[in-house]
1. Work out the FRET efficiency for K12 and H213 from their Cβ-Cβ distance, taking R0 = 22 Å, and round it to the nearest 0.05.
2. Each residue of region 215-224 in order: what ³J(HN,Hα) in whole Hz does its phi give by Karplus 6.51 cos²θ - 1.76 cosθ + 1.60, θ = phi - 60°, with x for Gly and Pro?
3. Which whole-Hz couplings ³J(HN,Hα) result when phi for each residue of region 255-263 is put into the Karplus expression 6.51 cos²θ - 1.76 cosθ + 1.60, θ = phi - 60°, listed in order with x for Gly and Pro?
4. Quick one: grab the alpha carbon gyration tensor of region 12-88, order the square roots of its eigenvalues as a ≥ b ≥ c, and give me rounded if a/c is under 1.5, else prolate or oblate depending on whether a/b is larger than b/c.
5. Would you please give the FRET efficiency between K69 and S20, computed as 1/(1 + (r/R0)^6) with r the Cβ-Cβ distance and R0 = 30 Å, to the nearest 0.05?
6. Apply the Karplus curve 6.51 cos²θ - 1.76 cosθ + 1.60, θ = phi - 60°, to the phi angles in region 11-18 and return the couplings in whole Hz, x for Gly and Pro.
7. Could you pull out every residue, at least 5 positions away or on a different chain, whose amide H is within less than 5 Å of the one on E33? Hs are placed 1.01 Å off N in the peptide plane, and Pro or chain starts have none.
8. With respect to the cross-link table entries K12/K78; K200/K238; K48/K68; K30/K265; K12/K48; K30/K68, which display a Cα-Cα separation exceeding 25 Å?
Amino acid sequence: MPYHVLIVDDQKDVSRLLRSALETIEQGLKVSEAPSGEEAILEASRSKIDLLIADYRLPGINGVELMKKFRARNPNGKVIMVSGIADPKHLKEVSEAGADAFFPKPVPMSDFLSAVERCLGLARTVLAKDEPSRVPAPRVEERKGLGDLLTNLRRDLSAQAVLLLNGMGQVQAEAGHLPNPDTSASLIAALMTMFSAAQKVASLIDRSESHLHLFDSEDQDGVFMPVGPSHALLLVGKGLSDARSLASRLDLLFTARIEILDALKSIGISVEAEPVPPAQRSAIDEPFTRPEDLPSDFLNIFSQIGKKSDDASSFWDTAVEKGTTFAEPDKLTYEQASRLGLAPDSA
């Protein structure tokens, strides 16, 4: 019977990355995912979990509280903790809670996979550089800033420019410069219109961060991808959309996306979707006017447009001859009152 591994993280990118890594060692593991500690407890009540891999920061109960509940139900279960938090207080809490291993984000994959095989007693297929038997002593990890993350991504992908944009198209950080500064504003505006539409389509299939846009040309290629629901990455460089090496570039991009989200949170920038002011909403956000919602006179006059006419002013003559139906029939114009003999005599 295969070992059952449960990954608990509210960031889909992290869960997906860890799950993909576990599949590469080909140990026949059964891997499940849960976005919260409460759902993980429910999953553990349904089936035996051999290894729990949990983030420290979760919605609801945190990873340490989840580990205690998991161990109470399954004393022999193994636990690996991961965290993007560099606070020594939290690291000490993880260390004292008795996890079998701990890894900071971004997770070093060779060490992580080696720890998984060690915890489950599997045949070793991965050799880690440094393999602690228990959780390492708490230490503060140096967190990279947005500028450093974009600079490293630009270097790793040999890109000319890497820009981080918020939902309004404002540049939050950048490394390098776009090839044509004169058209940068128009380019970003067009990309953000596409971003908004793509987010709506993705949300309908419950995959809000799973769209990617590639643009290729002879001189410069472009990559445009979401970073959470409210930010996006724009990369410009030669050969970025080359299909022969696209898979390796996507791995770098997905890892960078996780790091950027953590960096944004660490400096207090919201990664939730930002409400768009009414004045800046596109036409697709507004409901279409239905014909039955229009005044009858408007429909009658509008129906004349496009008909062949000998006289260019005949359209307006027809509109005047037919007159206007008022929305308040109990009120008369001065002309209508005169015809009925109700208007006062003019001096």
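1. Values: r = 19 Å, r/R0 = 0.86.
E between K12 and H213, to the nearest 0.05, is 0.70.
2. 10, 10, 8, 5, 9, 9, 9, x, 10, 9
3. Values, residue by residue: 5, 5, 4, 5, 5, 5, 4, 5, 5 Hz.
4. Details: a/c = 1.63, a/b = 1.09, b/c = 1.49.
Judged from the Cα gyration tensor, region 12-88 comes out oblate (a/c at least 1.5, b/c at or above a/b).
5. Details: r = 27 Å, r/R0 = 0.91.
Result of the calculation: an efficiency of 0.65.
6. Each residue of region 11-18 in turn: 9, 4, 4, 5, 4, 5, 5, 5 Hz.
7. Here I7 satisfy the definition.
8. Those over the limit are K200/K238; K30/K265.
Taken together, the values in this text are just the output of simple stated rules run on the coordinates, not laboratory data. On a predicted model such as this, the values are computed, not experimentally measured, just so you know. Here Cβ is always computed from backbone atoms with ideal geometry, including for glycine, and neighbour counts include all displayed protein chains.
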